[in-house]
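Contents: one structure, followed by commentary.
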Amino acid sequence: MILLTLCTVAALQGEPAQTPPPARGRWSVLNGVEVVVNGDVITRRRLERILAREVRRYGVTTRSEFEQLQAAIYRNSVDSLLMRQGGEYLGIQPEDVERLVDNWWNWRTTAAGGVKAMQETLEKQQLSAADQREIYSEDVLRRSFENTVTGKDRGPGGRVIQDRFVRPGERRAAFDRICRDRWGLDAIGGRAPRLLLQELLIPVRASEPPEAARELLEDLLAQVEEGEEFAVLVEEFGERANDGVTEPLTLAEVESLFGRQLAGFLREAPAGSVTPPQPFMNGEEVVAWRAVQLREVRPESAPSFDALEVQAAVERRLLETRDDVHRDRALDELLTSSYVWLPGGDAGRSGAEPR
C-alpha cells in the first residue's frame, strides 16, 4: 500500500497541484474547456463528440439513458485522463506509444482483410480511423498504469507493488462463495440457475386514456392474487407471441431484456412470483405496461473444486475483483492529489465534482 501511494501520489502531486489555475481569459466556457486536470484539458467539443458517437453505437433513445451516458462519459473521461497521466509518469515515450499504435493498426488491418474491410468494420462500430487510433493510444498508457497498480507489471524502480499470489485458502473460500451465490457459476465451469418467465403485456391504445392500460394490468394482477391463473390472463389479454413465454434465461439475460429492477426482484424470488406493473418505454413514451411471472427456476449445477480448470477460473475471478479494488483505490488517490479546475467554479485538489 505504501509503494502504491508513493507511485500514484508522486505521479501527480508535485508542482501542478500548487500552480494557480489558468487565467479565466484563457480557459473559459467560451473556449469550450470543460475541466482542467493537472494542466491537461478536456474540452466540451471532445465530450460532445464522444457522446454523439456512443449515442449512435448504443441506440440511446430516452432522456434518462442520455443523461446516464453523458455522466458516465464525463466521469470516464476524467478517469482516463488521470490514468493516462499516470502512465506517462511511468516513463513511456510518445514515440513508443506511436510505434505501438502503428503496429496494432497494421495488425488489425491485416486481420480484418485489408484496408477496405477495416473501414467497413469501423463504420459498423460508428468510429473513424482517427477515433480508433486515439482510443488505442490512450489505451496503451491506461493499461500501463493499470498493470502497474495491479501488480501485473513492474513499477518505478523495477519493483512489483502489488501481490498477485492467490493462496489456496482464498481460492477455496471464493469457490464456496460463488456456489452459495449461484449466479456466477457459469464463469467457473458450472451452470447458474435459469429462469423461465412469462410476460403479460398490455399496450397503451391511442383511443383510450394513457392510464387505462396500467389500470387494466392492476386489475388483472388483483385477479392473480385471488387465484386466477396468470397464463390464462396472458392468453386472453396479452400481446406477445408464444404466450409471452421466454426461453430459460440467465440473470444477466433477464437484466438485459427486462431491466435491472426486474432482475433484482426475481433474483431470489420463488417460482410463481409475479412482478408489480412496469412501464414499457419507446423513447420517452410509455407504449405498454407489463408484468412478468417467474414460471420456473431451473436449478444450478456446481462444478467440482478438484478440477484444475475450475480452480484456475476461480483464481481469475479473484484477481479480477482484486484488480478492480486496486485500480479504484489508485484512481481515488490520483484524484485526491490532482489539481482539478472547472471553468466558472473554484479550483481545487479534490475530484469530488468530476467523479
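Brief remarks on what is shown
- Residue ID - modelled with the highest pLDDT, chosen from residues in segment 58-74 that are exposed (fewer than 13 other Cβ atoms within 10 Å of the Cβ) and within 21 Å of Gln125 (Cα to Cα): Ala72
- Selected residue (only one of Ala330, Ala313 is buried (at least 18 other Cβ atoms within 10 Å of the Cβ) and at pLDDT 95 or above): Ala313
- Among the candidates Asp324, Asp306, residue that is in a loop (DSSP other than H, G, I, E, B) and without any contact (Cβ under 8 Å) to a residue 40 or more places away in the chain: Asp306
- Matching residues in segment 288-334 - criterion: being of a type in the set (Gly, Ala, Ser), more than 26 Å from Arg167 (Cβ to Cβ) and out of contact with any Gly (no Cβ under 7 Å at 6 or more places or on another chain): Ala288, Ala291
- Residue match in segment 286-303 (condition: in a helix (DSSP H, G or I) and either surrounded by 19 or more Cβ atoms within 10 Å (Cβ to Cβ) or touching a residue at least 24 places away in the same chain (Cβ under 8 Å) (or both)): no
- Residue count for segment 84-113, restricted to those that are exposed (fewer than 11 other Cβ atoms within 10 Å of the Cβ) and on the phi > 0 side of the Ramachandran plot: 1.
Here's the yes/no breakdown for (1) at pLDDT 85 or above; (2) part of a helix (DSSP H, G or I):
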site: Ile92; (1), (2): no, no
site: Trp104; (1), (2): yes, yes
site: Glu120; (1), (2): yes, yes
site: Asp139; (1), (2): no, yes
site: Arg142; (1), (2): no, yes
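- Candidate set from segment 238-262 (those that are at pLDDT 90 or above and part of a helix (DSSP H, G or I)); member that is surrounded by the most Cβ atoms within 10 Å (Cβ to Cβ): Val254
- The test for being in the same structural domain as Arg143 (by TED's automatic domain parsing), assigned to a helix (DSSP H, G or I) and at pLDDT 85 or above does not hold for Asp96.
- Residues that are surrounded by 14 or more Cβ atoms within 10 Å (Cβ to Cβ) and of a type in the set (S, T, N, Q) were ranked within segment 266-285; the one that is farthest from Arg177 (Cα to Cα) is Gln278.
- Residues that are out of contact with any Lys or Arg (no Cβ under 9 Å at 6 or more places or on another chain) and under 12 Å from Asp139 (Cα atoms) within segment 71-81 comprise just one, Leu81.
- Among the residues making up segment 154-199, those that are over 29 Å from Phe305 (Cβ atoms), of a type outside the set (A, V, I, L, M, F, W, C) and buried (at least 16 other Cβ atoms within 10 Å of the Cβ) are Gly155, Gln198, Glu199.
The values are calculated or read from the model by the stated rules, or taken from the named source; none is laboratory data. Since the model is a prediction, treat every value here as computed from it, not as a measurement. For neighbour counting, all protein chains shown are included, and Cβ atoms are generated from backbone atoms with ideal geometry for every residue, glycine included.
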